[in-house]
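Take a look at the structure set out below.
The values are calculated or read from the model by the stated rules, or taken from the named source; none is laboratory data. Note that the structure is predicted; figures quoted are calculated from it, not measured. No Cβ is skipped: glycine too gets one built from the backbone with ideal geometry, and neighbour counts run over all protein chains shown.
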Amino acid sequence: MAAQAPGTDPASVPGASGARQFWRRLRAQRAALVAAVVVALLVLVALAAPLLTAIEGQDPTSYHPSLIDSARGGVPVGQLGGIGGDHWLGVEPQTGRDLFARLVHGARVSLGVALAATVIQVAIGVTLGIAAALGNRWVDQLLSRITDIFVALPLMIMSLALLAIVPASFPRPILVTLVIGLLSWGNVAKVVRAQTLTLKGLDYVSAARLSGWGTWRIARRELLPGLAAPVITYAALLVPQNISVEAALSFLGVGVKPPTPSWGQMLTAADVWYQAAPQYLLLPAGALFVTVLALTVLGDGVRTALDPRAASRLRVGTGRRREHRADTAVEKETSS
């Protein structure tokens, strides 16, 4: 029995042929491929941050007061913020800490927090969404009302309140991850519940129920494969959103604390230096912009590849004719 949600393409169903169809459609979108390469490079840089800073010979926390012109208020000595062989992107104003080291180590924090928070959101949302759809009327009503409460919660205000009262000794990256993940799973649960209600009325699910399968076996064997496409799509779009939330919390001073580097925290410290040392502001802002843009374009590409009949929101480099050729190739391969 093949688990396939209405309105989804066979490419969304797990399996060798479905995976081939998915990759064919994804490769047909040049913008998504470029975004995937950018995301892969960012992840590689984040993972290799200790190695890259070791090659440079710097670390993200060491101060270099000799590289700061105290007579000018702490502006880096030299051209372009002190860029040179020892400091590839220059140094921070006032502290003299290496900007390249802080930027790549900040990628570890920003990407790590966003990915871990997304995993928490998806785990809670999928569990409660399936439980609400498969439970009786009272269970569905209770879980749906709880979900509505979490959807209505103002995430930033609640995060500010929780992060402000937790002791400073608690590791901030872990705390930010937990706050984002535990407060913003509501929309995932709503999507999963709606899709599960649609799937549970299909013939193959009814056949599994008549054969004597239990509720959770049906969920595991029949419903979860059909939920893969919408869940993967939504998760891909949650990652850039979570990066922005982490950056905003750090910018407001309640997220990651110094000396641990974070792009949002770097922006907080750079807001008074945009004229004297513009690279201090432009580098983390540019990294944040490129990361969010690449993840958003990649998420849109994944959504379109899983459901090729849905028109892409971002038409950059995709082209209807190229998508038609990819779909034709998939249909020929399937028929053969």
**Asked** Name the residues in the range 77-122 that are basic (K, R) and either in contact with a helix residue (DSSP H, G or I) (Cβ under 8 Å, 6 or more places away or on another chain) or outside any loop (DSSP other than H, G, I, E, B) (or both), would you?
**Response** R102, R108
**Prompt:** Is it the case that the range 179-186 has a residue that's assigned to a loop (DSSP other than H, G, I, E, B) and touching a residue at least 60 places away in the same chain (Cβ under 8 Å)?
**Reply:** yes
**Asked** From the list S169, S144, S159, which residue is under 20 Å from V109 (Cβ atoms), assigned to a helix (DSSP H, G or I) and polar (S, T, N, Q)?
**Response** S159
**Asked** Of the residues A287, A248, A270, A294, which single one is touching a helix residue (DSSP H, G or I) at 6+ places or on another chain (Cβ under 8 Å) and either of a type in the set (S, T, Y) or at pLDDT below 80 (or both)?
**Response** A270
**Request:** Return the only residue of G81, G135, G73 being surrounded by 14 or more Cβ atoms within 10 Å (Cβ to Cβ) and at positive phi.
**Result:** G81
**Request:** Could you check how many residues of the range 119-136 are within 21 Å of the chain's Cα centre (by Cα), under 13 Å from L223 (Cβ atoms) and in contact (Cβ under 8 Å) with a residue 12 or more places away in the chain?
**Result:** 2
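Condition check ((1) under 20 Å from the mean Cα position of the chain (by Cα); (2) under 25 Å from V104 (Cβ atoms); (3) part of a helix (DSSP H, G or I)) across all residues:
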position: I218; (1), (2), (3): no, no, yes
position: R221; (1), (2), (3): no, no, yes
position: G226; (1), (2), (3): no, no, yes
position: P230; (1), (2), (3): yes, no, yes
position: L238; (1), (2), (3): yes, yes, yes
position: Q241; (1), (2), (3): yes, yes, yes
position: A248; (1), (2), (3): yes, yes, yes
position: G255; (1), (2), (3): yes, yes, no
position: P258; (1), (2), (3): no, yes, no
